[in-house]
Every structure is written in C-alpha cells, then in structure tokens.
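*Asks:* Got a structure for you, questions after.
The values are calculated or read from the model by the stated rules, or taken from the named source; none is laboratory data. Remember, it's a predicted structure, so these values are computed and weren't measured experimentally. Here the Cβ positions follow ideal geometry from the backbone for every residue, glycine too, while neighbour counts run over all protein chains shown. Keep in mind that these areas ignore ligands, DNA and RNA; they rest on the heavy atoms of the full protein, side chains included. Shrake-Rupley method; radii C 1.70, N 1.55, O 1.52, S 1.80 Å.
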Amino acid sequence: MRQYSPDLTPPWKKPKPVPEVPAEPGLVVEEPATGFCGAVIRCEAGTVTLEDRFGKHRVFPLEPRGFLLEGRVVTLTRPSPSSTAVRPTRTASGSVAVPGARARVARAGRIYVEGRHDAELVERVWGDDLRIEGVVVEYLEGVDDLPAIVADFSPGPDARLGVLVDHLVPGSKESRIAASVTSEHALVLGHPYIDIWEAVKPSSVGIPSWPRVPHGQDWKTGVCRALGWPENTGAAWQHILSRVHSYKDLQPELLGRVEELIDFVTAPH
C-alpha cells in the first residue's frame, strides 16, 4: 500500500485561496510581475492576450494567482465557449472604455491649459478618462498669470498640478515662466505649436497644411484669411473641433504631453 506524507505546512504559511475569474473579452487586469495593464482580447489554452490603452499586445500564461483585478489577486480561467474574443470598446483617447463606470469624485489635483479652445480639445479626446480619474481641467487665459495661480494653488503630495502650455520652446518667455513654477508637485509641459489649432492634423481638417502667418499678425485671424475662411475665429474653431473624433486626429507631440500630465496628477504620492 502506497504511503502518503502528511502536509506539515503551518496553516498561516499556506497561500489563501483567491477568486477565479473568467478571462472574458474586455476584462481589464494587471500582470504584477511586469506591471502591464490591459484588456483581455483573447484567451486560448494556457494563455491570455492583453491589450493596453496604446494598442500594445502582451501574451501571459494563465497561472494561479497570476493577475490583479482592481488591485486584488485573482486566478484567471478560460471563459466558457459561448464567450467570443472581441476587441474592447475604446474611448476617444484610445484607452479601454469601462461600461457603466461612474465619474470619480474630483481630486484635489488639477490640470490647467492655456485657453478655452485647449480645454475643449482636451475634453473632446480625454473627457471619459478624466471623469473616471476625477481630474478637473481648467484654463488660464494666458501663461502670464501662471506664477500667481500656482502660488495660490499650493501644489503638494495630495494635490498635484499639471500645466499644458502652448508654443513652449527653449529661450521663450513661456519657457522661463514654466521653469520658475516647476517643482516636485507641479509639472509644466508644452507643445511646439503656436496655438492648439495646429495640434490638430491638417488632414483631419481637410487642408494640406497649416498656413504660415507673418510675424505681427494675429495668428488665428491670419489662418482664416489664408484658408479663405470667414474671419470669425470662434466659428473656425468649432469647425476644427468638429473634425476631431479621437486621438488619431491629433499630433503625437500633444498626445504625449497630455497623457504625461494625466499620469502625473493621478500618480499615488
């Protein structure tokens, strides 16, 4: 008769059981060893494929206690045959949509942008993400008042401040102001465009390129004049904004800056 050795492992050293969760398409989990977070797009024998908000795919083994779901350790299992591997719904920013998610109570941290047009563009592309994260976007009406705004805001570990500045190029007045207020809890980033209009891809607006406007002219009025549009900058902006449907309509120099600011103000202190 075969002899079996008793399990002498003390109860407190035995791993606690964790929930088993079917790897249904669209389920968002994190692989803790790599920190990769993404939505399930495919589950095959022994593996699961995740896709992050940037469209990158990673394949991981279906190991016990191998993933985090909302911060808790789980074991992913192969879903029932009736489940189909479909791509998860995306927000305009390209991140995985969370059906039925409620807006989070606003954080103390904020993101400031230069003007109303900047705020409207950020809302159009990143609005769903910002509501889930509880991040409020406000606008400055120009960068000159930034030092006073930052001083009044008093950024800290629990209230980080991110600022997006137009036409932030080395040696400019804007770059000097940005450097004067940047700190551990305040991050100022910029894009190279004269105005936020330029951050929209010309192809999305239906023009070959953004026109060059002679120095000394109002840039937006000059753009309208060069393109043969009525010199009504408000109406022109609404036309431009209506052609923006997702992150694909924006220049990468703007995309990276906004994503970095969102990560900065939402990072655990």
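*Asks:* Does Arg72 qualify as being at pLDDT below 80, open to solvent by 70 Å² or more (accessible area, probe 1.4 Å) and of a type in the set (D, E, K, R)?
*Replies:* On the way: at pLDDT below 80: no; open to solvent by 70 Å² or more (accessible area, probe 1.4 Å): yes; of a type in the set (D, E, K, R): yes.
Answer is no for this residue.
*Asks:* Being at pLDDT below 85 and either open to solvent by less than 60 Å² (accessible area, probe 1.4 Å) or over 27 Å from Asp128 (Cα atoms) (or both): is that true of Lys16 here?
*Replies:* yes
*Asks:* Okay, next question. Between a residue in the range 204-217 that is on the phi > 0 side of the Ramachandran plot and any residue that is open to solvent by 60 Å² or more (accessible area, probe 1.4 Å) and in a loop (DSSP other than H, G, I, E, B), which pairs come within a Cβ distance under 9 Å, given they are 6 or more apart or on different chains?
*Replies:* So the pair list comes out as Gly206/Arg243.
*Asks:* Name, by its number, the condition in (1) exposed (fewer than 15 other Cβ atoms within 10 Å of the Cβ); (2) in contact (Cβ under 8 Å) with a residue 24 or more places away in the chain that does not hold for Gly234.
*Replies:* Going through (1) exposed (fewer than 15 other Cβ atoms within 10 Å of the Cβ); (2) in contact (Cβ under 8 Å) with a residue 24 or more places away in the chain one by one, Gly234 breaks only (2).
*Asks:* Restricting the range 97-117 to residues that are of a type in the set (A, V, I, L, M, F, W, C) and surrounded by fewer than 21 Cβ atoms within 10 Å (Cβ to Cβ), which is modelled with the lowest pLDDT? Write out each step before concluding.
*Replies:* Residues of the range 97-117 that are of a type in the set (A, V, I, L, M, F, W, C), as a first pass: 97-98, 101, 103, 105-106, 108, 111, 113.
The next check asks that each one be surrounded by fewer than 21 Cβ atoms within 10 Å (Cβ to Cβ); those that pass are 97-98, 101, 103, 105-106, 108.
Values: Ala97: 63, Val98: 59, Ala101: 56, Ala103: 52, Val105: 59, Ala106: 62, Ala108: 79.
Once the filter is applied, the top-ranked residue is Ala103.
*Asks:* Any residue in the range 47-67 that is under 18 Å from Pro19 (Cα atoms), of a type in the set (A, V, I, L, M), surrounded by 14 or more Cβ atoms within 10 Å (Cβ to Cβ) and out of contact with any Phe, Trp or Tyr (no Cβ under 8 Å at 6 or more places or on another chain)?
*Replies:* Yes, because at least one residue in the range 47-67 is under 18 Å from Pro19 (Cα atoms), of a type in the set (A, V, I, L, M), surrounded by 14 or more Cβ atoms within 10 Å (Cβ to Cβ) and out of contact with any Phe, Trp or Tyr (no Cβ under 8 Å at 6 or more places or on another chain).
*Asks:* What are the residues in the range 163-177 that are touching an Asp or Glu at 6+ places or on another chain (Cβ under 8 Å) and either touching a residue at least 40 places away in the same chain (Cβ under 8 Å) or of a type outside the set (A, V, I, L, M) (or both), if any?
*Replies:* Pass one, the range 163-177, residues touching an Asp or Glu at 6+ places or on another chain (Cβ under 8 Å): 164-168, 174, 177.
Across the range 163-177, the qualifying residues are Leu164, Val165, Asp166, His167, Glu174.
*Asks:* Okay, moving on. Taking the conditions exactly as written (among the small types (Gly, Ala, Ser), closer than 19 Å to Pro147 by Cβ and open to solvent by less than 50 Å² (accessible area, probe 1.4 Å)), does Ala186 satisfy them or not? Talk me through it step by step, then tell me what you get.
*Replies:* On the way: among the small types (Gly, Ala, Ser): yes; closer than 19 Å to Pro147 by Cβ: yes; open to solvent by less than 50 Å² (accessible area, probe 1.4 Å): yes.
Here the answer is yes, as Ala186 does meet what is asked.
*Asks:* What are the pairs, 6+ residues apart or on separate chains, where a residue within the range 11-25 that is more than 19 Å from Arg42 (Cβ to Cβ) and among the hydrophobic types (A, V, I, L, M, F, W, C) has its Cβ under 6 Å from a residue that is open to solvent by less than 100 Å² (accessible area, probe 1.4 Å) and at pLDDT 85 or above?
*Replies:* Partner pairs satisfying both residue conditions: Val18/Val73; Val18/Val74; Val18/Thr75.
*Asks:* Consider Glu231 against the criteria (1) under 26 Å from Ala151 (Cα atoms); (2) outside any helix (DSSP H, G or I): it satisfies all of them except one. Which criterion is unmet?
*Replies:* Against the list (1) under 26 Å from Ala151 (Cα atoms); (2) outside any helix (DSSP H, G or I), Glu231 comes up short only on (1).
*Asks:* Among the residues of the range 191-198, is any buried (at least 20 other Cβ atoms within 10 Å of the Cβ) and closer than 20 Å to Ala267 by Cα?
*Replies:* no
*Asks:* Give Glu253, Glu184 a once-over and let me know the one that is in contact (Cβ under 8 Å) with a residue 60 or more places away in the chain and of a type in the set (D, E, K, R).
*Replies:* Of the residues listed, the single one that is in contact (Cβ under 8 Å) with a residue 60 or more places away in the chain and of a type in the set (D, E, K, R) is Glu253.
*Asks:* Those residues that are without any contact (Cβ under 8 Å) to a residue 60 or more places away in the chain, over 18 Å from Val122 (Cα atoms) and open to solvent by 20 Å² or more (accessible area, probe 1.4 Å), I need them from the range 132-158; list them, please.
*Replies:* Listed by number, the residues that qualify are Asp144, Asp145, Pro147, Ala148, Ile149, Ala151, Asp152, Phe153, Ser154, Pro155.
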